[in-house]
Amino acid sequence: MLEFVIAFVSSIAPLLQQSAPAIPPTAGAAIAVGLAAFGAGYAERGIGAAAVGAIAEDDAMFGRGLILTVLPETLVILALVTVFVV
């Protein structure tokens, strides 16, 4: 088994030492924004449900619920910065 791993690594090593990056910068930025949007949507799923429940019980919680619901979207805004940096 060890011989197989050594043979595999030695056959892959020249491919990994190329000067070109494995992922182009624009593709990396696109992946960053996509994963950030996915994470923000996943976070808003639970936060939104809790915020709606809190607002249903007390109307004064609307401001807090709105802020906590919008907070994960800042993650996507920061990820969009990477697009403009690249």
Is it the case, given these coordinates, that ALA56 is on the phi < 0 side of the Ramachandran plot, small (Gly, Ala, Ser) and exposed (fewer than 12 other Cβ atoms within 10 Å of the Cβ)? yes
Take the conditions closer than 23 Å to VAL85 by Cβ and either touching a helix residue (DSSP H, G or I) at 6+ places or on another chain (Cβ under 6 Å) or not in a loop (DSSP other than H, G, I, E, B) (or both) and apply them to ALA37. Does it pass? yes
Those residues of the range 31-40 which are free of Cβ contacts under 8 Å to residues at least 24 places away in the same chain and of a type in the set (Gly, Ala, Ser), in sequence order: GLY34
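Each value in this text was obtained by applying a stated rule to the coordinates, not by laboratory testing. These figures come from a predicted structure and were not determined experimentally. In this analysis, Cβ positions are derived from the backbone assuming ideal geometry, glycine residues included, and neighbour counts consider all displayed protein chains.
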